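Reading through the structure tokens given below for one structure.
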Amino acid sequence: MEDFLELAKTRQSCRDYLDKPVEREKLERIIEAARLAPSACNSQPWSFVVVETPATVAEVADSTTILGINKYLKSATAFIVVLEETAELIQKLAQLVDSQTHAQGDLGAAVLSLCLEAESLGLGTCIAGVFDRPRLRKLLDIPPEKKIFMVVAVGYPKSERVREKSRKPFAEIVRFV
């Protein structure tokens, strides 16, 4: 088994992809990794739209390049659109908090899982939080009651170079008691 910390160190936001389609089997594996992510009360408040058809991939890429950002996503060869579903919490917890209280954390865990599985398969990913929601909703026929949480670009990285991560110092972010 690959060392997890090494995987976390090498995973980065890919900004340039090869013109090579991602195999369906690999897309299924990364969705399976997301499906297995932990969630509050095992609610699994997610569903995924996998975009692999070249014409639709191009349209999704266009929907992410608003405000003059994310232009590099136009080279991605697949996208995974992550939808937030209604969380079903156990009755005791549902009496205390809104059903969606933990959903965004759960969705974050699912997205991280799929990104790390993609990395382990030699794929690059980039998480896009800015996109034209109405356009994406119409393009992918996403019902109005479904919330579009995130869009993840997927593809084979053009470069294998791992950029140095800029992170806060360990001592600045942790306190042991």
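Structure summary
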| item | result |
| --- | --- |
| Rg/Rh for segment 1-76, where both radii come from Cα atoms and Rh is the Kirkwood radius | 1.01 |
| The chain - mean residue ellipticity at 222 nm from DSSP helices (-39,500 (n - 2.57) per run, n ≥ 4, rounded to 500) | -10000 deg cm²/dmol |
| Average projected area [Cα convex hull, the chain], square nanometres | 12.8 |
| Dipole of segment 17-161 [Lys/Arg +1, Asp/Glu -1 at C-beta], most positive-end residue of PRO157, CYS41, THR65 | THR65 |
| Assigned charges on the beta-carbon of Lys, Arg, Asp, Glu; segment 1-159 dipole about Cα centre (debye) | 420 |
| Packing-based ranking, highest mean first, of 50-62, 118-130, 134-146, 17-29 given that Cβ atoms within 10 Å are counted | 118-130, 50-62, 17-29, 134-146 |
| Using θ = phi - 60° and Karplus 6.51 cos²θ - 1.76 cosθ + 1.60, couplings along segment 73-83 (whole Hz; Gly, Pro as x) | 6, 5, 8, 5, 10, 7, 9, 10, 9, 9, 10 |
| Label-point gap, in nm, between GLU28 and LYS168 - each point 7 angstrom along Cα→Cβ | 4.2 |
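Rule-based calculations on the coordinates, nothing more; no lab input. Model, not experiment: these values are computed from the prediction. Quick reminder, even Gly has a Cβ in these numbers, built from the backbone with ideal geometry, and neighbours come from all protein chains shown.
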